[in-house]
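Report on the following structure.
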Amino acid sequence: MAHCIVPEAESILDVEFQALDKGFVRLVDYMGGDARIVQAARVSYGEGTKTVREDGALIDYLLRHQHTSPFEQVILTFHIKLPIFIARQWIRHRTARVNEISGRYSIMKEECYVPVPEDIAYQSTDNKQGRSDDPVPQEQIEEITSLLKKQQNDAFSGYSDLISRNIARELARINLPLSTYTEWYWQIDLHNLFHFLRLRCDSHAQKEIRVYAEILLDMCRKVAPLATASFERHQKNGVAFSAEEMTALRNIISGQDSGLTGKSQERFLEKIKTGRQL
């Protein structure tokens, strides 16, 4: 296979894209792009064997029919700075290669995430892992922000005290908050990155990880624009229906009742209304 150079991807190499208040995402390296997917699928040599339109049609076919191995030929490596609580959600995606900064060897920087005022919210009453849309009074927002900062400062003050006493770094770090920023190199193939983005760009994902996911999505558009467009069309902005739901769709199209009841009917109608996978 010919070496793939993607000018749009080259233009963003090593550029820091800010995420949250103190974080960032950098594209450190990439291997392949749309041309690599096409080459792998056709098992051919060189570029220019087909038109861009034909290449796009092939990529679209592969993605729609879940022929995933050609997408695994494209590899992206990122340098990411993110709060630990986001890193713990992120690491659930076990199909990547990760190398993270270690508090056993390094002194942790006093850098913690503090949400902007509009992101401070009450607990949702109908979603155990989500936030309520009910507004929080401004005076309470200011109080919560001050409390968060104070708790972070107290934790790092204790950490610094232990370090000054020559206590082992691996012990001194254990009381640091989840809001502490960490850094890692994260390498993943395009197929598994699309899976990550489908879940983490979704409105059900936590706001903070969605910020990072949207940056990664934009970088994917630079590296493999045809593949990313197909992903957005068929996976990110598409939904899948169960066998029962397909029957319900056929019933509705033919002018009949869906045939679903209760929660199944509610989920089906919500899926049609929002266009989201539930």
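The values are calculated or read from the model by the stated rules, or taken from the named source; none is laboratory data. From a predicted model like this one, the values you see are computed outputs, not experimental measurements. Note: ideal-geometry Cβ built from the backbone for every residue, glycine included; neighbour counts use all protein chains shown.
Please state which of the following conditions Ile141 fails to meet, knowing it meets all the rest: (1) farther than 30 Å from Val28 by Cα; (2) assigned by TED's automatic domain parsing to the domain that holds Val25; (3) not hydroxyl-bearing (Ser, Thr, Tyr).
Of the numbered conditions (1) farther than 30 Å from Val28 by Cα; (2) assigned by TED's automatic domain parsing to the domain that holds Val25; (3) not hydroxyl-bearing (Ser, Thr, Tyr), the odd one out for Ile141 is (2).
Yes/no matrix, rows are residues, columns are (1) out of contact with any strand residue (DSSP E or B) (no Cβ under 8 Å at 6 or more places or on another chain); (2) in contact (Cβ under 8 Å) with a residue 60 or more places away in the chain; (3) surrounded by fewer than 16 Cβ atoms within 10 Å (Cβ to Cβ); (4) part of a loop (DSSP other than H, G, I, E, B):
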{"position": "Glu139", "(1), (2), (3), (4)": "yes, no, yes, no"}
{"position": "Thr145", "(1), (2), (3), (4)": "yes, no, yes, no"}
{"position": "Gln152", "(1), (2), (3), (4)": "no, no, no, no"}
{"position": "Tyr159", "(1), (2), (3), (4)": "yes, no, no, no"}
{"position": "Leu162", "(1), (2), (3), (4)": "yes, no, no, no"}
{"position": "Glu170", "(1), (2), (3), (4)": "yes, yes, yes, no"}
{"position": "Thr182", "(1), (2), (3), (4)": "no, yes, no, no"}
{"position": "Ser230", "(1), (2), (3), (4)": "yes, yes, no, no"}
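Scan Asp257, Asp202 and give me the residue that is out of contact with any Leu (no Cβ under 9 Å at 6 or more places or on another chain) and not assigned by TED's automatic domain parsing to the domain that holds Glu72.
It is Asp257.
Among the residues of region 256-273, count how many are at negative phi, of a type in the set (Gly, Ala, Ser) and part of a helix (DSSP H, G or I).
1
Among the residues of region 5-39, how many are surrounded by 21 or more Cβ atoms within 10 Å (Cβ to Cβ) and closer than 26 Å to Leu62 by Cβ?
Of the residues in that region, 11 qualify.
So for region 78-93 (the condition being surrounded by 19 or more Cβ atoms within 10 Å (Cβ to Cβ) and either at positive phi or at pLDDT below 95 (or both)), does at least one residue qualify?
no
Would you mind telling me which numbered condition in (1) outside any loop (DSSP other than H, G, I, E, B); (2) farther than 17 Å from Phe78 by Cα His195 fails?
(2)
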